[in-house]
1. Give the residue that is modelled with the highest pLDDT, with candidates limited to residues of segment B:335-355 that are small (G, A, S) and under 18 Å from the mean Cα position of the chain (by Cα).
2. Please list, ordered by residue number, the strands (runs of 3 or more DSSP E) wholly in segment A:1-105 having 3 or more residues that are touching a residue at least 60 places away in the same chain (Cβ under 8 Å) and open to solvent by less than 10 Å² (accessible area, probe 1.4 Å).
3. So A:G300 fits all but one of (1) on the phi < 0 side of the Ramachandran plot; (2) in a loop (DSSP other than H, G, I, E, B); what number is the exception?
4. Can you tell me which residues in segment A:515-540 are touching a residue at least 12 places away in the same chain (Cβ under 8 Å) and more than 26 Å from the chain's Cα centre (by Cα)?
5. Kindly indicate the residue of segment A:507-545 that is open to solvent by 40 Å² or more (accessible area, probe 1.4 Å) and in contact with a helix residue (DSSP H, G or I) (Cβ under 9 Å, 6 or more places away or on another chain) and also farthest from the other protein chains (Cβ to nearest Cβ) among those meeting that condition.
6. What's the number of the only condition in (1) touching a Gly at 6+ places or on another chain (Cβ under 6 Å); (2) open to solvent by 40 Å² or more (accessible area, probe 1.4 Å); (3) in contact (Cβ under 8 Å) with a residue 40 or more places away in the chain that A:R466 fails to meet?
7. Quick one: is A:R347 out of contact with any Leu (no Cβ under 8 Å at 6 or more places or on another chain), closer than 28 Å to A:C169 by Cβ and of a type outside the set (D, E)?
8. If B:K308 satisfies all but one of (1) of a type in the set (D, E, K, R); (2) buried (at least 17 other Cβ atoms within 10 Å of the Cβ); (3) away from the ligand (no atom under 16 Å from the Cβ), what's the number of the condition it fails?
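The values are calculated or read from the model by the stated rules, or taken from the named source; none is laboratory data. No experiment lies behind these values; they were computed from the predicted model shown. Every residue, glycine as well, gets a Cβ built from its backbone with ideal geometry; the counts of neighbours run over all protein chains shown. Side chains are part of the model used for accessible areas, which takes the heavy atoms of the whole protein and leaves out ligands, DNA and RNA. Shrake-Rupley method; radii C 1.70, N 1.55, O 1.52, S 1.80 Å.
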Amino acid sequence: MKIPFSWLKEQVPLTSTPAQIADDLVRLGHEVEGVEMPRAAVAGVRVGQIISKQPHPDADKLSLLKVDVGAAELLDIVCGASNMDEGDKIPVATIGTSLPNGLKIKKGQIRGASSCGMCCSEVELGLADESAGLLILPADAPVGMEVGDYLQLEEAVFDLSITPNRGDCMNTRGLARDLAADAGLSLVDMLPFEAAIDATVQAPKVMVSAETDCPAYLARRIEGVKLGDSPAWMQAGLIMAGMRPVNGIVDVLNYVMLYLGQPMHAFDADKLNGGINVRSAESDELFKALDGRELKLHAGDLVVTDQDSVIALAGIMGSETSGVSESTVNIVLESAFFRPARVSETRRTYAMVSEASMRFERGVDPEMVSIGLQQATKMITELFGGVVGEITLCGNTSEINAAKQMHCSISRIEKRLGITLPETVDDVLRRMGFGILRHADRLDVVIPPFRHDVSIAEDMSEEYARVIGFDAIPEILPALATIAPPRPDRSIHDAVAGGFLQVVTYAFISEKEQRLFVAEDGNDIRLQNPISDAMSVMRRTAWAGLLNVSRHNLNRQQSGIAIAEQGRLYNKTENGHDEKNVLAWLMAGESETEQWYGAARQAGFFDLKGAVEAWLAARGLTGRFIADDSIQGLQAGQSAKILIGRAEAGRIGRVDGDIARAFDIDVPVFVADINLDVLHAGKKAKFAPLAEFPGVERDLVFLLDKSAFVRDAGSDAIVQTVNKAGGKLLTETRIFDLYEGKGVPEDKVSVGVRFILQDASRTLTQQDSDAASAAIIAAMDKRFGAALRG
Amino acid sequence: MSEIDSLKAQLETLQSEALAAFSAAIDLVSLQQMRVNYLGKKGALTEVLKGVGKLPPQERPVIGQYVNQSKSVLSAALDIAEAGLAVAAKAERVEAERIDVTLPGRVGATGALHPVQRGLDEMTAIFSQMGFAVAEGPEIENEFHNFDALNIPPEHPARAMHDTFFVEQMGDEPMLLRTHTSPVQIRAMKRFLAESGEPPLAVVAPGRVYRCDYDVTHSPMFHQVEVFKVDRDVSMAHLKGVLKHFLSTYFEKEVSIRLRPHYFPFTEPSAEVDIGCVFCAGKGCRICKNSGWIEVLGSGMIHPNVLKSVGIDSDEFSGFAFGLGVERLVMLKQGIPDLRMFFENDVRFLRRMGS
Ligand SMILES: [Zn+2]
């Protein structure tokens, strides 16, 4: 909302500067988004008179002007406009002036002619968005005068963001009330106005069927208005306040609303048929709104109707056909109090916003319902003539007009704020309209009817806090409780320690991306109002987000990428939904770049597997990787599920090549994820004495059927077999060599197994290792038909 | 020449010949050979000793002495020559092993935490140290926790200001993506009361939140940290004290704070909190729009209706609450100019901000 400074000053004799007023407003709780200074913005632009005008010798469209701006010498100005003549008065930006559009006026040469200033249009002065040429000023404009002064431009316009609880400040008078109270000043009295009633003009017939939603409805007929545009000063004011002039009547109503806060509506009396009824809409009743939308109403919406149709959605918008136009002669003015919750609900149902609805849903000042109507009557008749009928008043205004009372404890407020409430500030609140009485610790408060936001002690504590000033409240650090520090979740930190960059991606992805990794099963959670299709489904996989990040970076000359993300996955369930915590990894491209000490190396499955194993080891866990060709989106033969104990905790594998290419990625991509919710803490490391006697290390090399090895057995199974057969002394087993090719039959693979035997109490002998070897060889033969390689 | 003189001369020749040979030796192996040749059991000196038999017995000890003298002279010379060669050999080896220490080191992959994560970690840690317990809540919420219990009834204008993402119908009630971390207030208070009966309680709740707003300065997903404390006689002065301590600790310097009256349905009084501009120390700059102040968060005293919604008696207890935008504070602390960089995840940005 924009309010010109001069409007405030009409209501209260403020003497502070605009900057001080802005500070005061902020301190009182009214956010100032900006302060425009229209007059200062054109300082240096003066009224000038064109003394002579000649064509530029070298340019058809330019004129050479000699202009009198009240200085000792005439100014030479080269001008590109064509709508001026000798003798015209025009605004001239003199050397050194900065215009609102940022242009700085300097002495210059235009096509060989020197120019010492610039003649301005409304656009350059920031007064309009377009113009037909120079702004030609009236002939009596005094030469040399600052144009800002001559045009009486506003000194300042405050751009305010009024909080939703302060509907009473969505107008000049309300805001001025706060400022006056704060400054110890009084509001200027409003002169009461009663229009002269012409008995021949009938009072409108009004019935209010929905009394709860419409406690007060006033209507008045004015006949014989000669409608034209509103006067220039009013239009200028409306524009300054951020509104567009529409027509004379609408402009007057907006102007009164900006001043007093009461939204009103005008109907063309000749377009109404029969009396007015304010009632609840019937289901599916039709309404064609002023903005062109055709609405099917819901039962319960509050509407204003004539005998035939809905003429307004109460407090929100009039109908397309019932409003005033240039041809209107007779009008019916409406001024009402609509229940805020009703307006709010209806407005939201149809996603409509209007200046009126914004005020009604925050609550208007009941007193202004009738004062607003009188003021509008006064301005309309003064500007456009017409004869005025009696006001029809419907509804029960006693409840909304009744001043509410409350009591609260002073010490309670003081305790909540941490300051004492000096009695001197009671006067500030009294000037704001409150009745304040103190009895020892008890505060009796009479709440003014326009303060719909005040009803309990805490509301009064806010009133006191803002008039005393939040700065007066001391900063006290409360005694600190000591609690057991939480066991921090180090999941992402350990992944980062493993060399991965943490990324954060959106929790919503496209449905297409979801389907790459998760089959359609009806358990997607979709947004009703997504930003776009690309962000429309709550993710059930973290891999899509990681692939998008990879694409972004691989497209930017990154040769390799290793990223991880911790976040949630969202699934619909039978009873609602669940949110799983996951950690996900992605590796693609080079895992080692080419260096002086070595060639580049592409990331492979085992780089990522190693990272996941290290991550598990950091929390005392060991995972079992079980080949699994059925993981959606991963390449068969290079994918596995990860078991921890018996729980399926995660997955790992190479992203299907077609899917990677769908993300514009040509290099192999490997991903993994771990469901953090199924992880229970692993065993805590416990001390065990270090072995004192040396162990025995033995290597055995077996020949296995290739198919048996990769598909059925896997190195895990071999290690398990060796561990089992090796006996109690076996402490470590690992595959140290895998070979196929020359010297090995085509369908075989050579597998080298190294195992270590160790005893805490003695040095082992050849016999020990021979016995273990024999048992292992037998077990390998039995389990895999594996023979020792000769 | 007598026998003895001849032997003496022989010894002298041998000695000078040997010393010349030692100093000419080029490696330890040849020196070793020379030690054998001259001093060994069958070496040259031993040979000389063999000639002693021809001497009269009274002269024999004299030659014996000479030979022993020569032996120790040569032995010492050999030791010196060996040591010299060892030094030279080591020097040669060291020179041969010289490397270019300016070459870059071998690097394993280095990771980095996302700047938002670092911010969350730092903020949570500060509040943990102040005795606030960490709590979390669901991101897909119902209207009760996100709005109603926070004193934002359906017709409330503030509800429309939240740009809420709604999800398609599932279960019995409409669900939405939480627009702030304040619902955790309600959940944590309910859980806490169920466990321990009554306040005090102090909670910090970090998490992701969502608003249907996407432009240069808005991201549809961002992070908040909700902080609240309920106890007997919690006052606005405590709120200011905690804010001041937190903000000064986070920014690693004493910052001034300013509270401006504002409106939030779930607090009363409510205040927007500004900090003295950390870039210009309050003198006025582009970041603070020349005001010297930067808005950082919203705060207030918990509204009695909110306490009532979880069954806390607002006559007996009071509380403060505030919610801070993690990205905003991280941007201010790290000088990050554009919110969108957090979610673009450019690895160059992540590496730089992670160091
Ligand atoms: Zn600054």
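1. Just the residues of segment B:335-355 that are small (G, A, S), to begin with: B:335, B:354-355.
After this cut, where a residue has to be under 18 Å from the mean Cα position of the chain (by Cα) as well, the list is B:354-355.
Working: B:G354: 79, B:S355: 68.
The residue in question is B:G354.
2. Working: elements: A:2-4, A:31-36, A:45-56, A:59-68, A:75-79, A:89-93.
Once the strands (runs of 3 or more DSSP E) in segment A:1-105 are filtered for at least 3 residues that are touching a residue at least 60 places away in the same chain (Cβ under 8 Å) and open to solvent by less than 10 Å² (accessible area, probe 1.4 Å), what remains is A:45-56.
3. The number of the failed condition is (1).
4. A:L516, A:F517, A:V518, A:A519, A:G522, A:N523
5. Among residues in segment A:507-545 that are open to solvent by 40 Å² or more (accessible area, probe 1.4 Å) and in contact with a helix residue (DSSP H, G or I) (Cβ under 9 Å, 6 or more places away or on another chain), the one farthest from the other protein chains (Cβ to nearest Cβ) is A:L516.
6. It is condition (2) that A:R466 fails.
7. Details: out of contact with any Leu (no Cβ under 8 Å at 6 or more places or on another chain): yes; closer than 28 Å to A:C169 by Cβ: yes; of a type outside the set (D, E): yes.
Against the criterion (out of contact with any Leu (no Cβ under 8 Å at 6 or more places or on another chain), closer than 28 Å to A:C169 by Cβ and of a type outside the set (D, E)), A:R347 qualifies.
8. Among (1) of a type in the set (D, E, K, R); (2) buried (at least 17 other Cβ atoms within 10 Å of the Cβ); (3) away from the ligand (no atom under 16 Å from the Cβ), the lone unmet condition for B:K308 is (2).
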